[in-house]
Amino acid sequence: MIEPALAPLDVARIRADFPILERKINGAPLVYLDSAATTQKPNVVIDAIGNYYRTSNANVHRGVHSLGNEATDAFELGRRRVAQFIDADPAGLVFTRNTTEALNLVAASYAREMLQPGDRIVVTEMEHHSNLVPWQLASERAGLELAAIRLQDDGTLDMDDAERLLKPPTRLLSVTHQSNVLGTVNDLATLTRLAHAAGALVCVDAAQSVPHRPVSVRQLDCDFLAFSGHKMCGPMGIGVLWARPEPLNAMPPFQGGGSMILRVTLQHSSWNDVPHKFEAGTPDVASVVGLAAACDYIDNIGLTAICEHETRLTKRLLDVLTTIGDIDIHGPLDLTQRGGCVSFNVGNVHAHDVGTILDRTGIAVRAGHHCCQPLMQRLGVPATTRASTYLYTTPNEIDALGEGLAEVKRVFRV
Amino acid sequence: MVGFSNTTPVEDDLYREIVLEHYSHPRHRGELETASSRVDATNPLCGDELSLAWRVEGGRISGIAFSGRGCSISMASASMLCEALDGQDMATAADIAARFRSMLLDKGPSDGLGDLEALRGVAAYPVRIKCAVLAWNALLQELAGTAETEP
């Protein structure tokens, strides 16, 4: 029997902050277990965006009028707030559309432009397409070698393989902090030490970690870190690249246009200081304001408390999946090695069939390849079902998933 | 708490018995060595992969087979396609395919579609329609291409 879990957070009060959680889906209360895809938004974030447009909207870094100045202040205040959230210097914080664009920026302006033919980029077998395809593109263009650290059967990285690959001519390691499929939290301390010892820089895809656990770029000692606003209660369309000053100052621009220049003639241009050098065109100011509000919201509750809450939910989730039986869980079972994102297969039932049956009773999970086709090939499955938690997830919702999976087994006679 | 017993229909509108039966015991599954036409279909969104092959003799489909992997709806639909089209002349095959698509996409009539009617319930699940029509779209695409090259 599974013991009822005690909620360390006041989850009922938190849930009241998220209007969408009152929705019914197909006649049943929404059970939202797809926060790894995108999280729901609290009223404070929705209101911050609305209030910005109602009271302060103007273009930023242009002109002298007061409203423009107010908008610029809101934008730069947002930059400082988001930098504080990851313990970073705001001068190294570049706003992008999302994690994908942040990683493409590093691939285009660092890997493609600053590495030499024959240099090696190392990724892992568990990467999201957004932390694989940009490096493939850069490698093809710049004659770089691309290698992937192998995955072990328990869903963790083969550190012997990492040691083998993190040697010259490796110049860059780009690795996910927490797998969006397996939930594995990678040993970044060891990987970073190995990479730096080999003279390589370290780029971290933190899309699945920054929203769920305290992340400090100083402690990680990485060189680049990318994440998205929409996976941490913030709006869609805003992402972050943080980088150390050394590579950032040396890198050529990613895109050209307004804001990123210092002086322009018909033939030549010179570049603005970082981070503005990498922010061409009018930015999504409202989303920066919304993301700053999301940082406040999360910090008020506390990332450590959120992380503990999710660990408890993950334990319950793993227990429920094990109790039901005939379920293959992918990724580590050790709670110290994983986050609140669990992928699994129910017998031979395809993930889409699982997803459809769950959706009929309002349970939202992700079903598919999760933008990780090489990982699916490694796991030997076409697709998986993924349930993921966040600060508003309740133990009852985990139990509802369990009932839904029992129904899947009944329909498909597993 | 969410109670399944109150919300799940007794008779499953999507996973009809005959659909699940085709899924667990697919007909015409395998390779067709003597195929005259072969077409691959993929659904990059869900990773479904399907190959359909058939042989035409005297204007009729004299052999048909599919292989691949995917969800119950895409696999059952491919199995039912093979069963429905085996032995048919090409005009009838194209007509069945068009009517099957119409049943799902335009909620058109299912008269004369036989077992294929069992997939009608998919129409109520918009995200799953693409699974049901995967094999059929591939077939129609190939037939259209063949028609163009053989005026």
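The values are calculated or read from the model by the stated rules, or taken from the named source; none is laboratory data. The model shown is predicted, which means the values in this text are computed figures rather than measured ones. With ideal geometry, Cβ positions are generated from the backbone for all residues, glycine too; neighbour counts draw on all protein chains shown. Calculation scope for accessible area: heavy atoms of the full protein, side chains included, ligands and nucleic acids excluded. Shrake-Rupley method; radii C 1.70, N 1.55, O 1.52, S 1.80 Å.
Test of understanding: what is the full-extension gain from B:ASP89 to B:LEU45, defined as 0.36 nm times their sequence separation minus their Cα-Cα distance?
Numbers: separation 44, 0.36 × 44 = 15.84 nm, distance 3.32 nm.
My answer for the length gained is 12.5 nm.
Take the Cβ-Cβ distance between A:LEU77 and A:GLN377 as r, set R0 to 41 Å, and report the resulting FRET efficiency rounded to the nearest 0.05.
On the way: r = 45 Å, r/R0 = 1.10.
Computed FRET efficiency for A:LEU77 and A:GLN377 comes out at 0.35.
Name the residues of the range B:24-73, by number, that are at least 50 Å² less accessible with every protein chain in place than in the isolated chain; the surface is that of heavy atoms, probe 1.4 Å, without ligands or nucleic acids.
Listed in order, they are B:CYS46, B:ARG69.
Per the helix-only calculation at 222 nm, which mean residue ellipticity applies to the protein assembly as shown, given -39500 (n - 2.57) for every DSSP H run of n ≥ 4 and division by its residues, nearest 500 deg cm²/dmol?
Numbers: 19 runs with 217 residues, N = 565.
-12000 deg cm²/dmol, from helical runs alone.
Between A:TRP271 and A:ARG141, how many nm apart are label points set 7 Å from Cα along the C-beta direction?
Output for this residue pair reads 1.4 nm.
Indicate the residues belonging to the range A:13-41 that lose 30 Å² or more of solvent-accessible heavy-atom surface (probe 1.4 Å) upon moving from the chain alone to the assembly of all protein chains, ignoring ligands and nucleic acids.
Residues of the range A:13-41 that lose at least 30 Å² of accessible area once the other chains are added: none.
Round to a whole angstrom and tell me the spacing of the C-alpha centers of the range A:75-132 and the range A:313-372.
30 Å
Given the Cα-Cα distance of A:THR190 and A:LYS24 and 0.36 nm per residue of separation, how much length would full extension add, in nm?
55.2 nm
Tell me which residues come under 5 Å, amide H to amide H, from A:HIS330 once H is placed; ignore anything under 5 positions away on its chain.
The list, which skips near neighbours in sequence, is A:SER343, A:PHE344, A:ASN345.
May I ask for the accessible area buried between chains B and A, both sides summed, probe 1.4 Å, to the nearest 100 Å²? If you can, show how the numbers build up before the last one.
Numbers: alone 8230 and 17510 Å², together 23620 Å².
About 2100 Å² of accessible surface is lost on pairing.
What GluC sites (Glu not before Pro) does the range B:28-91 have in DSSP loop regions with at most 16 other beta carbons within 10 Å?
In loop regions of the range B:28-91 (DSSP not H, G, I, E or B), the sparsely surrounded GluC sites (Glu not before Pro) are B:GLU31, B:GLU33.
State, in angstrom, two size descriptors of the protein assembly as shown derived from its alpha carbons: Rg to one decimal place and Dmax to the nearest whole number.
Considering the protein assembly as shown through its Cα atoms, Rg and Dmax are 26.4, 81 Å.
Taking 0.36 nm per intervening residue step and subtracting the Cα-Cα distance, what contour gain separates B:ASP115 from B:ASP12 on full extension?
Numbers: separation 103, 0.36 × 103 = 37.08 nm, distance 1.60 nm.
That works out to 35.5 nm of additional length.
Would you pull out the residues with amide H under 5 Å of A:ILE261's amide H, same chain only if 5 or more places away, H placed 1.01 Å from N?
Amide H to amide H, under 5 Å and 5 or more residues apart or across chains, A:ILE261 pairs with A:ASN272.
Putting +1 on Lys and Arg Cβ atoms and -1 on Asp and Glu Cβ atoms, find which of A:ALA294, A:THR265, A:THR96 reaches farthest to the positive end of the dipole of the protein assembly as shown.
Of the candidates, A:THR265 comes out farthest on the positive side.
Taking 29 Å as the cut-off for C-alpha to C-alpha distance, list the pairs among A:LYS24/A:LYS231; A:LYS41/B:LYS130; A:LYS41/B:LYS107; A:LYS231/A:LYS315 that go past it. Intermediate results must be reported in sequence, preceding the final value.
Numbers: A:LYS24/A:LYS231 22 Å; A:LYS41/B:LYS130 31 Å; A:LYS41/B:LYS107 37 Å; A:LYS231/A:LYS315 22 Å.
Correct reply: A:LYS41/B:LYS130; A:LYS41/B:LYS107.
Hey, could you pull the Cα Rg and Dmax for the range A:46-299, both in Å?
Cα only, the range A:46-299: 18.5, 60 Å (Rg, Dmax).
Relative contact order of the range A:46-299, please, whole-number percent, based on alpha carbon pairs below 8 angstrom and at least 6 residues apart.
On the way: 482 pairs, mean separation 60.8, N = 254.
Relative contact order comes out at 24 percent.
What number comes out for the charge environment of A:VAL106, summing +1 per Lys or Arg and -1 per Asp or Glu over other residues with Cβ under 11 Å away? List each step's numbers first, then the result.
On the way: positive: A:ARG112; negative: A:GLU101, A:GLU113, A:ASP205, A:ASP223.
Neighbour charge sum, excluding A:VAL106 itself: -3.
Give me the residues in the range A:349-378 whose solvent-accessible area, probe 1.4 Å, is reduced by at least 20 Å² once all protein chains are included instead of the chain isolated.
Buried on complex formation: A:HIS350, A:HIS352, A:ASP353, A:THR356, A:ARG360, A:THR361, A:HIS369.
What's the magnitude of the charge dipole for the range A:46-299 around its Cα centre, counting Lys and Arg as +1 and Asp and Glu as -1 at the beta-carbon? Answer in Debye, nearest 20. Write down the numbers at each step before the final one.
Numbers: 20 positive and 29 negative charges, 134 e Å.
Here the range A:46-299 has a charge dipole of around 640 debye.
Take A:ARG410 and A:ASN249, extend 7 Å from each Cα along the Cα→Cβ direction, and tell me the distance between the two endpoints in nm.
6.6 nm
Once both axes come from the Cα atoms, what is the angle between helix A:133-142 and the longest principal axis of chain A, in degrees from 0 to 90, rounded to 10?
Rounded to the nearest ten degrees, it is 40.
Of the heavy-atom accessible surface of the range A:46-299 (probe 1.4 angstrom), what whole percent is carbon and sulfur?
Details: 5090 of 10230 Å².
Result for the range A:46-299: 50 percent of the exposed heavy-atom area is carbon or sulfur.
Assign unit charges at the C-beta atoms only (+1 for Lys and Arg, -1 for Asp and Glu), then state the dipole size of the range B:12-149 relative to its Cα centre in Debye, rounded to the nearest 20. Intermediate values should be presented prior to the final figure.
Values: 13 positive and 20 negative charges, 48 e Å.
About 240 debye.
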